[in-house]
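To keep things clear, I will list the structure first and then write my remarks on it.
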């Protein structure tokens, strides 16, 4: 089966984009505490790692063109065999681009996230110049990328009881232009920010604000044989 790996994810422009995406997470990771995190990333150079974080450990899985996750285990990325609510952080880098059923993936993220856990999700922007560049390099692949806007994932995530806190856009406007994306500043850059190649969605799993109350047991004699309150008198005919 043809594979787009050597031509796309190992190419210099896309490698630089993936590295820049992870670098933008540094300020966010500094405020997340916990034991375990999960990083789902596309196939490509293994040298790309998360910025310094405060978690005890990160489980890294690489998602291949067929949607299979490989690393410490091999499984379908839509059916990750981890215990529920075991990750305080989930970084999904261009994993949703390969998923056809949004609700199933949203439910999977909601199941794995601990209460108040954070999911950082990257996707390709469908209105950027990178869309045409990527499609040329993925020609012949049996599984194409789904270019979905960040707004398209808002409702599936909300149905899974996940709160979308913020949506950002990162990366260089053009894959043919060299330079640091952070150097593209100014008013024009601000106005055209939504045409950048990647969107970053910051999602949090809400903690239930309801405290279950234990109902007091009802005495059987009161329920079936109500009596008058003390001092009450029955009127007699």
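A short reminder: the numbers here are calculations on the coordinates, not readings from a lab. Given the structure is predicted, the values throughout are model-derived calculations rather than measurements. Virtual Cβ from ideal backbone geometry, glycine too; neighbours counted across all protein chains shown.
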**Message:** Under a crude label model (7 Å from the Cα following the beta-carbon direction), how far is residue 159 from residue 84 in nanometres?
**Reply:** 1.9 nm
**Item:** Extension gain, residue 23 back to residue 168 (0.36 nm per residue minus Cα-Cα distance, nm)
**Value:** 50.8 nm
**Message:** If I model a spin label as a point 7 Å beyond the Cα along the Cα-Cβ vector, how far apart are those points for residue 136 and residue 48 in nm?
**Reply:** 2.0 nm
